[in-house]
Amino acid sequence: MTDAGFPEAILVLDADVEVEPIDGEAGNAIGRAAASAGDDASKKALRDQLRRTLSKKESLSDVTSRRNRRGNKSLDIQETYYAADVFPPRQYFVLTDAGKPVFTSRTIEHNADDLASTMGIMQALISVFLDEGDKLRCINAGGTRISFLIRSPLYYACVSSWGEPESVTRSHLEYLHLQVLSIVTMTQLRRIFERRTNFDLGRLLGGAEVLIHSLLDRVEVDPAMSTSSLQCLKLDPVVRARAANALVPSGKMKASDILYIILVAQGRVITLVRPKKHSIHPADLHILMNTAHSPSIINSSASASWLPLCLPKFNSSGFVNTFVTYLQPEDDISDRQSAGKISEEVDNQKSVDPASSRKASTTSVRSGVGLLCVTGSGDFEMIRSWCDTVSKRLDTDGTLAAITQAISGGSTEYSVSDLSIPGLRHFIYKSRAHVQITAPVYEEPYDNITERRRLITLYQTLHDGIHAKSGQDLPLKLQYIRTEKESVMGWITQPFEIYITLSHWLPKSAAVNAANAVSRWVKKEEARLFLRDAPVF
Amino acid sequence: MADAASGSAADKSVQVKLVLLGEAAVGKSSVVLRFVSNEFQANKEPTIGAAFLTQKCRLEDRVLRYEIWDTAGQERFHSLAPMYYRNAQAAVVVYDVTKATSLEKAKTWVKELQRQANPNIVIALAGNKVDLVQPSPAAGSSASESEDEADDATATPGEAPAEASDAENLRQVPREEAQAYAEEAGLLFFETSAKTGEGVVEVFTEIAKKIPLEHILASSRGAAGRPGAAGRSASQDVSLDENQSKGKDACNC
């Protein structure tokens, strides 16, 4: 329950997810030290040995076995991403502080023993440092980095050879943690592990892997997640306002503990209605969107779903219920009967989510419009009948049709060529006041997944630089990087942050001019691009 | 499937709230998908929370509208179950014939329902995945319930899960055992295959026959629901049209 003081802001203007203090839970170290008895001298030797070697060599062939061979080159960010024409899938691990595996993104080609020993090593490494009140943040091994996040009773790790800044994978791990908390609250976790330190959490999370996989696919490519903001659907402001008005609850509904009512399409928010006293945290919104777009729901022929979930930034100790239903104008109903067809359709359209690497979680974005109602109440019959009323209203007044037309006509997305700025290839613009971003679709050459990953990694490097997220001394105001293929620039000002991609021969001064031109265009289009206001109740 | 559209038909149809319960991965969602859309998806993702579906069935003289809560089977959702069965008039408790522990779980669900749900609730026990323990998918036949289960020991189709490939080993719950339990506990009993469709529609039609429709009508509409006069005994003769004409295809109307 935050932000009672800012009834105007839809989104919490907040320190980014990944900015959480790295030394957040120093207290845990003490507990660990007591728990693990052992030969202090040998531990100290091990610790020193680790300190000396971890950042230089690949000492853990087990952990890093599948990475690309890059010799013993020490990590050089520039070099890595110039050279990285291949992006092997990142590997994510979740384990308990007792070293029990909880989740891995690894595929079955690795056997279970291998996994258990990998996790065992991770747990050992982390605890060796915790014993000293220190925290293992990452291991650089050639071109591979293994980063760790300690959120006792859980440990998270990511193995990546993409050459991204350290803060990027840490932020992935933070999101991973939030997704886990959306399934098992922090309070439940603590209670479980107080009783049984050896608890097999993996079993409790059974069936939720699909949510975690889709989150990981999302977090790697979604610029809104990496900038802790929201990307809403580009739409005629009149239609948006009409939709918002239809969502405002009345009468009994109003009194019934409604938290947020959100209309979504193409995986983006159309509008969001909320009580005056609650803003929404972008991270909660991403967790919510990921859950509501889970294949379990998207591919289901159910007319609605009712999901208990915890929104950790809102309240990490309890669950709220989310009613999810996908609306479709009457004449589209036949389409929705066959889930198989839907996913094909989605692949063909310019999907918001770029192709995902993991088969298990093809996070397809249904062309339909989704209505999400988050509530503290357990009265789904009432919520359901109210949502039925809302969808009828949206249908009869033509709002739904207007939205679906906008989507099928392609006007919910735009091309960088609409801006007519010479040399401009792509950009991400973040309005700091709105806590929202806008970006054109990825076009040639970035329609190719490898190129897109390379560009995203460049953006992440800029973002990391201008926010000094990986322990830099000072944040940069502006950073310009020229690669063989393009030049990119990140720039932060009072009203906005911008990341632009230009033809590689353009000098920095041209980049600044282009950025200014983008900002003028965004200003002009602001009403379509951003969710500027929505009714509160 | 003209069903979904009609709000107006509501005044003619009897709404029956039905909940599906059972261990994870026994095929609850697949059974419902077969019933509602007459489809089957291999490798369905696990349900999160609960999914809501509706399906109409026409009885001779009236329309039944099933409002189905298909619940997630994972243990962490167990505590939410009362929310779904509290007002339910029917429950389908599903187990997997190739997994003995799933019947044990089903029994605990039945106990919980009998203790805490609406006392008139009609409970059906459904042993799903029979296609795995049959020599060949019996897609055409609709007689499975009455058929004697001579096939306990027959060969299995290629789809056998992982380790065991022997049909004998695959079936872990003998039909007789489950049936005996069902009789003792006063449940309807079926063996089903969401994959082939076997037995699925029957589950819902038999429930429809057993449900005290008049009682529901009376309680939900007061006196207005009365004129139909056909009491509970009359409804026993009734069968769903589609079930008779099209076999197991569906009782979609």
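The values are calculated or read from the model by the stated rules, or taken from the named source; none is laboratory data. Remember, predicted model here, so these are calculated numbers, not experimental data. Note that each Cβ is placed from the backbone with ideal geometry, even for glycine, and that neighbours are counted across all protein chains shown. Remember, those area values only see protein heavy atoms, side chains included, never the ligands or the DNA or RNA. Shrake-Rupley method; radii C 1.70, N 1.55, O 1.52, S 1.80 Å.
Can you go through B:Asp61, B:Asp131 and tell me which one is among the charged types (D, E, K, R), open to solvent by less than 20 Å² (accessible area, probe 1.4 Å) and away from chain A (no Cβ under 14 Å)? When all the criteria are applied, what remains is B:Asp131. Residues that are open to solvent by 40 Å² or more (accessible area, probe 1.4 Å), of a type outside the set (Val, Ile, Thr) and in a helix (DSSP H, G or I) within the range A:217-251 comprise A:Pro237, A:Ala241, A:Arg242, A:Asn245, A:Gly251, listed in sequence order.
Quick test for you: out of A:Val488, A:Val522, A:Val518, pick the one residue that is in contact with a Ser or Thr (Cβ under 6 Å, 6 or more places away or on another chain) and open to solvent by less than 50 Å² (accessible area, probe 1.4 Å). Let's see the steps before the verdict.
Details: A:Val522 fails: in contact with a Ser or Thr (Cβ under 6 Å, 6 or more places away or on another chain); A:Val518 fails: in contact with a Ser or Thr (Cβ under 6 Å, 6 or more places away or on another chain).
Exactly one residue qualifies, and that residue is A:Val488.
Being over 17 Å from B:Glu39 (Cβ atoms) and either facing another protein chain (nearest Cβ under 10 Å) or at pLDDT 95 or above (or both) is the filter here, so list the residues in the range A:329-345 that pass it. Passing the criteria: only A:Glu330.
Restricting attention to the range B:173-189, the residues that are in a loop (DSSP other than H, G, I, E, B) and either at pLDDT below 95 or open to solvent by less than 30 Å² (accessible area, probe 1.4 Å) (or both) total 2.
Among the residues of the range B:68-105, those identified as of a type outside the set (Ser, Thr, Tyr) and touching an Asp or Glu at 6+ places or on another chain (Cβ under 7 Å) are B:Gly73, B:Val97, B:Lys105. Total residues in the range B:37-50 satisfying the condition of being among the basic types (Lys, Arg) and more than 8 Å from every other protein chain (Cβ to nearest Cβ): the figure is 0.
Out of curiosity, is A:Ser509 of a type outside the set (Phe, Trp, Tyr), more than 30 Å from A:Ala283 (Cβ to Cβ), free of Cβ contacts under 8 Å to residues at least 60 places away in the same chain and surrounded by 20 or more Cβ atoms within 10 Å (Cβ to Cβ)? No; evaluated as a whole, the condition is false for this residue. Within the range A:290-319, the residues that satisfy the criterion of being more than 8 Å from every other protein chain (Cβ to nearest Cβ), open to solvent by 10 Å² or more (accessible area, probe 1.4 Å) and within 19 Å of A:Ile212 (Cα to Cα) are A:Pro312, A:Lys313, A:Ser316, A:Phe319. If I ask for residues that are facing chain A (nearest Cβ under 9 Å), of a type in the set (A, V, I, L, M, F, W, C) and more than 22 Å from A:Ser385 (Cα to Cα), which ones from the range B:73-97 would you list? Scanning the range B:73-97 gives a single hit, B:Phe77. Being at pLDDT 90 or above, surrounded by fewer than 19 Cβ atoms within 10 Å (Cβ to Cβ), in contact with a strand residue (DSSP E or B) (Cβ under 7 Å, 6 or more places away or on another chain) and not basic (Lys, Arg) is a property that B:Gln55 lacks. Of the residues screened, B:Ser144 is one that is surrounded by 15 or more Cβ atoms within 10 Å (Cβ to Cβ), touching a strand residue (DSSP E or B) at 6+ places or on another chain (Cβ under 8 Å) and at pLDDT below 90.
One line per residue, one yes/no per condition, for (1) modelled with pLDDT of 95 or more; (2) outside any helix (DSSP H, G or I):
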position: A:Ile437; (1), (2): yes, yes
position: A:Pro440; (1), (2): yes, yes
position: A:Thr450; (1), (2): no, no
position: A:Thr457; (1), (2): yes, no
position: A:His463; (1), (2): yes, no
position: A:Gln472; (1), (2): no, yes
position: A:Glu484; (1), (2): no, yes
position: A:Glu497; (1), (2): yes, yes
position: A:Leu502; (1), (2): yes, yes
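Note on the range A:191-216: among residues that are over 27 Å from A:Ala292 (Cβ atoms) and open to solvent by 20 Å² or more (accessible area, probe 1.4 Å), the one that is farthest from the other protein chains (Cβ to nearest Cβ) is A:Thr197. Within the range A:429-479, the set of residues being farther than 20 Å from A:Gln231 by Cα, surrounded by fewer than 18 Cβ atoms within 10 Å (Cβ to Cβ) and not hydrophobic (A, V, I, L, M, F, W, C) comprises A:Glu444, A:Pro445, A:Asn448, A:Thr450, A:Glu451, A:Gly471, A:Gln472, A:Asp473, A:Pro475, A:Lys477.
Among A:Lys392, A:Lys430, which is the only one that is basic (Lys, Arg) and either in a helix (DSSP H, G or I) or farther than 14 Å from A:Ser519 by Cα (or both)?
Values: A:Lys430 fails: either in a helix (DSSP H, G or I) or farther than 14 Å from A:Ser519 by Cα (or both).
Of the residues listed, the single one that is basic (Lys, Arg) and either in a helix (DSSP H, G or I) or farther than 14 Å from A:Ser519 by Cα (or both) is A:Lys392.
Among the residues that make up the range A:96-114, is at least one of them touching a Gly at 6+ places or on another chain (Cβ under 7 Å) and in a loop (DSSP other than H, G, I, E, B)? Yes, the range A:96-114 contains a residue that is touching a Gly at 6+ places or on another chain (Cβ under 7 Å) and in a loop (DSSP other than H, G, I, E, B). Answer yes or no: is there a residue in the range B:23-36 that is at the interface with chain A (Cβ under 7 Å from one of its Cβ atoms), of a type outside the set (Ser, Thr, Tyr), open to solvent by less than 10 Å² (accessible area, probe 1.4 Å) and on the phi > 0 side of the Ramachandran plot. No, that holds for no residue.
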